[in-house]
1. What is the chain's relative contact order, in percent, from Cα pairs under 8 angstrom and six or more apart in sequence?
2. Whole number please: convex hull volume per residue of the Cα set in the range 31-74, in Å³?
3. Which percent of the accessible heavy-atom area of the range 143-295 goes to carbon and sulfur, probe 1.4 angstrom?
4. Would you mind giving the three semi-axes, in whole Å and largest first, of the ellipsoid equivalent to the range 1-94 according to its Cα gyration tensor?
5. To check my understanding: the extent here is largest minus smallest coordinate of the Cα atoms along each principal axis. What are those three numbers for the range 117-226, in Å, largest first?
6. Ratio of alpha-carbon Rg to the 2.2 N^0.38 Å globular estimate for the range 79-118, to two decimals, please.
7. At q = 0.10, 0.17 Å⁻¹, what base-10 log of I(q)/I(0) does the Debye formula yield for the range 27-171 when every alpha carbon is treated as an equal point scatterer in vacuo?
8. Calculate how steeply helix 271-291 sits against the longest principal axis of the alpha-carbon atoms of the chain, using the helix alpha-carbon long axis, and give the answer as 0 to 90 degrees to the nearest 10.
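The values are calculated or read from the model by the stated rules, or taken from the named source; none is laboratory data. This is a predicted model, so every value here is computed, not measured. So basically every Cβ, Gly included, is an ideal-geometry build from the backbone, and we count neighbours across all protein chains shown. The protein model used for the area step is the full one, side chains on, heavy atoms only, and it has no ligands, DNA or RNA in it. Shrake-Rupley method; radii C 1.70, N 1.55, O 1.52, S 1.80 Å.
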Amino acid sequence: MSATLIDGKAVAARIREQIATDVARMEAEHGVRPGLAAVLVGDNPASQSYVRMKRKACDQVGIASFGHNLPADATQEEVERLVGELNADPQVHGILVQLPLPKHLDEERILSMISLHKDVDGFHPVNIGRLAMKGRDPLFIPCTPHGAMVLLEEAGATFEGANAVVLGRSNIVGLPAALLLIHRNATVTVCHSRTKDLPAVCREADILIAAVGRPEMVKADWVKPGAYVIDVGSNQVDDPASEKGYRWVGDVAFDEVKEVAGALTPSPGGVGPMTIAMLLKNTLRGAELVLSGQV
Ligand code: GUN
């Protein structure tokens with residue numbers, strides 16, 4: 001069997017097209033251009049690259065982007081002052097503080113300071129708390145797990161009563177992904193480094209979301225035939241045969257798993273583009289919240 005490929009690039013491109021249309025209409029009808037502020041502390045090359053991609057995507061759909069780069073030794077007070085200024089800036093409808101932050105900074109305090117209605121990453125404890133509770137709606141849903149859910153929907157997955165397994169329990173992906181699956185009435189198992197017999201647990205999954213950051217960890221015999229597999233991983237591995245000396249792989253051993261799964265995202269080209277599309281969507285929503293007088 002060969003899995004259907006879930007083309008995140010194509011789905012993201014479609015969403016971005018719609019966002020560009022909506023942004024243009026907002027500007028024409030209300031004279032308001034949605035704006036995203038991206039805060040980067042330090043010089044982590046991966047974070048720099050992610051922020052660059054996010055800002056470029058903003059440009060492409062007509063969203064204004066404001067870059068704020070602070071040095072690696074920026075103090076807690078400096079970062080908090082900047083977030084305070086961005087909270088007060090009417091041109092800014094979304095604030096993204098790229099993670100991870102340097103170790104000396106108090107991430108929880110900084111994320112808690114972001115105005116709820118500008119929390120386009122959905123990392124504010126109140127937004128996460130609302131996501132965790134029945135009958136409460138967060139203003140924003142974290143972008144990567146939200147993108148993963150959209151891809152599952154696009155691929156035709158049934159959530160109701162499905163066995164869903166999430167590999168990884170990070171605040172950014174694993175935990176919110178599990179919460180989103182619970183909202184859709186899946187039966188959810190969250191696996192981590194102490195989980196016993198990981199392959200056996202994964203083999204029970206109708207829906208498997210891999211978000212552990214371990215190159216090609218999920219093998220073909222971990223996957224139930226016909227399962228929907230979402231690979232959130234993005235890992236750089238040595239590859240002397242390639243020009244750069246490395247290549248990118250996911251958490252799923254793509255070549256072998258595609259022979260077993262029913263549907264599978266590639267990595268790169270799966271969830272990554274969706275993270276950015278969801279961020280743009282959330283920024284547009286941030287501007288809509290202001291225009292509709294909801295904040
Ligand atoms: N670091 C890794 N993923 C993300 C993300 O989605 N948002 C932010 N702010 N930082 C990240």
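1. Details: 593 pairs, mean separation 64.6, N = 295.
The value is 22 percent.
2. Values: hull volume 2.1 nm³, N = 44.
Hull volume over Cα atoms, normalised by residue count, gives 47 Å³.
3. Working: 3340 of 6770 Å².
The nonpolar share, carbon plus sulfur, comes to 49 percent.
4. Numbers: eigenvalues 165, 101, 16 Å².
Taking √(5λ) for each Cα gyration eigenvalue gives 29, 23, 9 Å.
5. Result, largest extent first: 44, 27, 21 Å.
6. Details: Rg = 10.1 Å, N = 40, 2.2 N^0.38 = 8.9 Å.
For the range 79-118, the normalised Cα radius of gyration is 1.13.
7. -0.41, -1.08
8. For helix 271-291, the angle is close to 30 degrees.
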